[in-house]
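Written out below as structure tokens is the structure these notes cover.
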Amino acid sequence: MKKANIILADDHLMFLEGINTILSDMQEIGDVHLATEGKQVLRLLNQFEIDLIISDISMPKMDGIELLTELKKKHDSVKIIMLSMLDNHRTVHKVIQKGADGFIPKFTSKEELQTAVRTVLDNEHYFSEIIKQRYMESVFERKKYKNIELSPREKEVLSLLGDELTSKEISEKLFISVNTVETHRKNILLKTGSKTTTGAVKYAIESGLFD
């Protein structure tokens, strides 16, 4: 039986060592490589034949979601299981939509981690019950919002407004006039049915417009 080579990615070494110990009990696991941030994972992928990555979401330089996005573009044959203390429904929705093969919370049991690894290595998906629940919550929340579309430029303007830039600062950053920024802002408020920029930003986040 061919053993699976794995990369474990987390910026907490003690946690990495704990997962490594759990995986060492599994006969189907071959070499295990440790990484403390996403870019290190990409370097390891170029050096070794890897079957599975188990990655935290919150990491420096390149977080787990950025890593997931990059993997699905350039290394789509490599499976990835996400681990996180963040089980809020927006994070869960984003991870699942971007193509993770599995997602389990960090407070899971040794047995569930091993089950998730075996399931994903068998070319199936594995999501913890609490992750499934959070995903359904995200679906129901998004259904509350009317189906609106912002243009790419409107999304840029709204994102910069969310960063508290003034219309003048946005005009300079995007190389458009202040009047054009104001026009985009008015259209954004109209489309989202918001009275303020803060309300429009909140709407965009909750409805998934920025996903």
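Mind counting the residues in region 69-86 that are surrounded by 18 or more Cβ atoms within 10 Å (Cβ to Cβ) and either over 21 Å from Leu23 (Cβ atoms) or among the charged types (D, E, K, R) (or both)?
1
Kindly indicate the residue of region 90-105 that is within 10 Å of the chain's Cα centre (by Cα) and part of a loop (DSSP other than H, G, I, E, B) and also farthest from Tyr126 (Cα to Cα) among those meeting that condition. Break it down into steps so the answer makes sense when it comes.
Let us first name the residues in region 90-105 that are within 10 Å of the chain's Cα centre (by Cα), namely 90-100.
From what is left, the residues that are part of a loop (DSSP other than H, G, I, E, B) are 98-100.
Numbers: Lys98: 15, Gly99: 12, Ala100: 9 Å.
Within region 90-105, the match that is farthest from Tyr126 (Cα to Cα) is Lys98.
Could you please find all residues in region 62-84 being in a loop (DSSP other than H, G, I, E, B) and within 14 Å of the chain's Cα centre (by Cα)?
The answer is Met62, Asp63.
Out of the residues in region 4-35 meeting the condition of being among the charged types (D, E, K, R) and crowded, with 16+ Cβ neighbours inside 10 Å, tell me which one is farthest from the chain's Cα centre (by Cα).
Out of the qualifying residues, it is Asp11.
Restricting attention to region 133-189, which residues are modelled with pLDDT under 90, surrounded by 13 or more Cβ atoms within 10 Å (Cβ to Cβ) and of a type in the set (Gly, Ala, Ser)?
Result: Ser138, Ser159, Gly162.
What is the number of the single condition among (1) part of a helix (DSSP H, G or I); (2) over 18 Å from Ala116 (Cβ atoms) that Asp31 does not meet?
(1)
Has region 198-208 got any residue that is farther than 27 Å from Gly99 by Cβ and in contact with a Ser or Thr (Cβ under 7 Å, 6 or more places away or on another chain)?
Yes - at least one qualifying residue is present in region 198-208.
What pairs come out if I take residues in region 111-133 that are farther than 20 Å from Gly99 by Cβ and pair them with residues that are at pLDDT below 95 and part of a helix (DSSP H, G or I) whose C-beta lies under 6 Å away, six or more apart or interchain?
Matching pairs, first to second residue: Leu113/Ile22.
Would you confirm whether or not region 54-66 contains a residue that is under 19 Å from Asp122 (Cβ atoms) and buried (at least 22 other Cβ atoms within 10 Å of the Cβ)? Show your work before the answer.
Step one: of region 54-66, the residues under 19 Å from Asp122 (Cβ atoms) are 54.
Remaining after also requiring buried (at least 22 other Cβ atoms within 10 Å of the Cβ): 54.
Among the residues of region 54-66, at least one is under 19 Å from Asp122 (Cβ atoms) and buried (at least 22 other Cβ atoms within 10 Å of the Cβ), which makes the answer yes.
Give me the residue from region 36-47 that is closer than 14 Å to Leu71 by Cα and polar (S, T, N, Q) and, out of that set, surrounded by the fewest Cβ atoms within 10 Å (Cβ to Cβ).
Looking at residues that are closer than 14 Å to Leu71 by Cα and polar (S, T, N, Q), I get Asn46.
Any residue in region 106-115 that is of a type in the set (S, T, N, Q), touching an Asp or Glu at 6+ places or on another chain (Cβ under 9 Å), in a helix (DSSP H, G or I) and more than 14 Å from Ala9 (Cα to Cα)?
yes
Quick one: how many residues across region 77-100 are modelled with pLDDT of 85 or more and out of contact with any Leu (no Cβ under 8 Å at 6 or more places or on another chain)?
2
Which condition does Ile50 not pass, out of (1) crowded, with 18+ Cβ neighbours inside 10 Å; (2) within 19 Å of Ile131 (Cβ to Cβ), if it passes all the others?
All conditions pass for Ile50, except number (2).
How many of the residues in region 17-57 are under 13 Å from Ile6 (Cα atoms) and in contact with a strand residue (DSSP E or B) (Cβ under 7 Å, 6 or more places away or on another chain)?
21
The values are calculated or read from the model by the stated rules, or taken from the named source; none is laboratory data. In this text the structure is predicted, and so the values were computed from the model without any measurement. Virtual Cβ from ideal backbone geometry, glycine too; neighbours counted across all protein chains shown.
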